[in-house]
Every structure is written in structure tokens, then in C-alpha cells.
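Reading through the C-alpha cells given below for one structure.
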Amino acid sequence: MFRKLTFTAAAVLAMTAVQVSAAEIETEIEDFAFSFEGPFGSFDQMQLQRGLQVYTEICASCHGLELVAFRTLHQEGGPALPEDQMRAYAEFYEVFDQSLLGGEGDFRTATPADKFPGSALSNAPDLSLMAKARAGFHGPAGTGISQFVNGMGGAEYIASLLAGYAEEPECALEGEPMDGYYNVAFAPGGFPESCIDEHGHRMVPGSWIGMPQPLYGDDVEYADGHSTELDHVSQDVSAFLMWTAEPKMMARKQAGLTGVIFLTLLSVLLYLTNKRIWAPHKKKH
Ligand code: HEC
């Protein structure tokens, strides 16, 4: 009886071990150095403006940003477009307004108070919060310490994803053709049997994603003359998406810093007070 029990326990253990190794998907996430990382980091306004341009010219044909209001493009700490430019940008969009035509609804030109439209392609996810939904670079053994030091990490993931398209590996060409596109940073996509070895391990990193490669480098022309290499364009749009997901990051960091300075000062004062209170008693010895 006891023997049988240990045997089942071992079997269960073995099974979970197999499951764990099967679920372990290797991806290649690069640790880019973004301006907003670290306790003193802040968004680079020019980078956010370039990212907005990339989003508008390329990503918006499929993806929405339905939680982001146009007026926030003018806010300090963000892309901070001049007000007239922000208004002109909003007017470039049409939104559906239910209150028009006596409740029937109709399209009208967007105003700063309106939000970006949702995704134009039904299977393309909305990108408003994507940079927070996806953690990028966890650091060694996924401790999360890197996230704490280097920022949220989602921007790293998105930049790596955009630059992570690669040629289909040999092993994939041997099996059934795959739906989608091979990407070394994407984990949850399809994966061909022919790339899994006899121990159940994946022979190549990443998986197959439904999004065709959106950026190749030189996709846009920047007014500020910044490089349009694939890595740079990917980082710009990722920084912009980090801002849409956490527009108040700067304010949060500042509040945190103020708190730390205040507490440091308070500790010094309390230390001195403490010394003073006990000084007469200490002298007696
Ligand atoms: C042709 C349409 C199309 C374009 C253009 C496009 N995407 Fe996508 N994107 C998709 C689809 C479809 C998916 C869902 C893929 C899947 O889940 O397999 C997706 C998924 C994503 C994801 C989520 C990946 C994940 O972890 O689930 C991100 C991030 C993303 N796109 C960013 C971008 C950015 C940034 C751009 C512009 C540079 C862009 N996309 C341009 C269609 C598009």
C-alpha cells in the first residue's frame, strides 16, 4: 500500500515536471536602455512624438488605442504636442457619435476630448495597455528585480517583438506549413511538431504570430532626422506605447522621490531629537 502510494506520488511528480518543461518557452527579449527606466528616468518627448508617428502611419491600420484621449497628447510628460497640433491631429480622425441625428448616431470629426478608435482589425488587440499587460525582461531566473530596477519591461518586450521576426527555422520547413509568421520573442503562438525533439523540448525560441511583420526599418520619415533603422523605429513606438499604458509614470516617480527625501529628512531630525533628549542622562556616566 505504502509502496503504491509513493509510486503514484512519483508519477504525479514526473507528470508535473513534464508539464513544466513543456510550458517553458524560450524567447529572445533584448534589454534595451529606455530613457524612462530607473528611479530618475523620464520619457523622451521627441521619442514619444516619433513613436506616435509610427503608430499613426503603421500600427493604426490594424490596432486601436481606445483608452487614450487625444487631448493627452498635449500633456506635459507625454509627447506634449503643441495644442494646435494636437487639435489638428484629432481632426484627422472620425468618431461615431450616438447623440447625432436624434439618437440614431452618425460619424463626426473627432475633438480633443474624444479617444482614439478601437482596433480596425478584429483579431488585432487594442494597444492602450499592452506595454503593461506584457512583462518583458524579468532578469535572471524571472525574479522581477530587473523590472524593479529597469522599469516595467513591457516596452522591451514590444521592441523585441517588432524586431523579432526571423526566417522560418529548418525544422519548421520539414513539417506541415505553419499559420502565421515566425517570431523569436513571441511565446503563446503556434509551434510546429517538427521543431520539438524526442524529449519534448522546443528546438528553437519563440513561436508563430498572427501579425505580419509591420516594421522593416525606413518605414517612416522622421522630421527630427533621427535614425529609422528597425531597432530605433521599434523602440520609438514601444516607448510611445509605454506612455499610453502609464501616462502618469513621471508623476508617480516624482511623488516617490519626494517621499524618500521627506522620510530621509525626518529620520535625521528624529535622530537628532533622540540624541538631545537622552544627552543629559548619558552625561551622568
Ligand atoms: C496588418 C495588421 C497589423 C499591423 C499593421 C500591426 N499589427 Fe500588431 N498585431 C496584429 C495581429 C493580428 C495581432 C495578434 C497576433 C496573434 O495573437 O497571433 C497583433 C499583435 C500585436 C501585439 C501583441 C503581441 C502579444 O504579445 O500578444 C503587439 C504588441 C503588436 N501587435 C504591436 C504592433 C505595433 C507596435 C504595430 C506597429 C508598428 C503593429 N502591431 C502593427 C496585426 C497588426
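Every read-out reported here was derived from the displayed coordinates using simple, explicitly stated rules and does not represent laboratory data. Because the structure is a prediction, the values reported are computed rather than measured. Methodologically, a virtual Cβ is constructed for each residue, glycine included, from the backbone with ideal geometry; neighbour enumeration extends over all protein chains shown.
Across the stretch 80-123, Cα pairs under 8 Å and at least six residues apart give a relative contact order of 34 percent. Using C-alpha pairs below 8 Å separated by at least 6 residues, the relative contact order for the stretch 44-89 is 41 percent.
With 19 Å as the cut-off, how large is the P(r) tail for the stretch 41-102, expressed as percent of Cα-Cα pairs?
Beyond 19 Å sits 36 percent of the P(r) for the stretch 41-102.
Counted residue by residue at 0.36 nm each, then reduced by the alpha carbon distance between them, the extension gain from GLU24 to ASP84 reaches 16.6 nm.
If Lys and Arg each add +1 and Asp and Glu each add -1, what is the summed charge of the other residues whose beta carbon sits under 12 Å from the beta carbon of ASP106? Taking every other residue near ASP106 into account, the sum is -2. Two numbers describe the Cα atoms of the stretch 227-285: Rg and Dmax, which are 23.9, 74 Å.
Take 200-213, 99-112 and order them by the average number of nearby Cβ atoms within 10 Å per residue, most first; the result is 200-213, 99-112. Only four residue types carry charge here, +1 at the Cβ of Lys and Arg and -1 at the Cβ of Asp and Glu. Report the dipole size of the stretch 163-264 about the Cα centre in Debye, rounded to the nearest 20. It comes to approximately 1020 debye.
A DSSP coil position with no more than 14 other Cβ atoms inside 10 Å describes the following chymotrypsin sites (Phe, Trp or Tyr not before Pro) in the stretch 48-94: PHE92. I'd like the distance between the alpha-carbon centres of the stretch 149-192 and the stretch 21-84, rounded to an integer number of Å. The stretch 149-192 and the stretch 21-84 have Cα centres separated by 20 Å. On a per residue basis, the convex hull of the C-alpha atoms belonging to the stretch 169-215 measures out at 73 Å³. Partnerless cysteines in the chain, where a partner means another cysteine C-beta under 4.7 angstrom, comprise CYS59, CYS62.
Applying 0.36 nm per residue to the separation of GLU221 and ASP197 and subtracting their alpha-carbon distance, the gain on full extension is 4.2 nm. The shape of the stretch 158-285 can be summarised by an equivalent ellipsoid whose semi-axes, obtained from the alpha carbon gyration tensor, come to 56, 25, 11 Å from longest to shortest. Starting from the Kirkwood radius over alpha-carbon pairs of the chain, derive D by Stokes-Einstein at 20 °C in a medium of 1.002 mPa s and give it in µm² s⁻¹. Here the translational diffusion coefficient equals 94 µm²/s.
Taken along the Cα-to-beta-carbon direction at a fixed 7 Å, the label points for SER267 and PHE40 span 1.9 nm.
Entry note, the chain: relative contact order of 22 percent, from Cα contacts under 8 Å with a spacing of 6+ residues.
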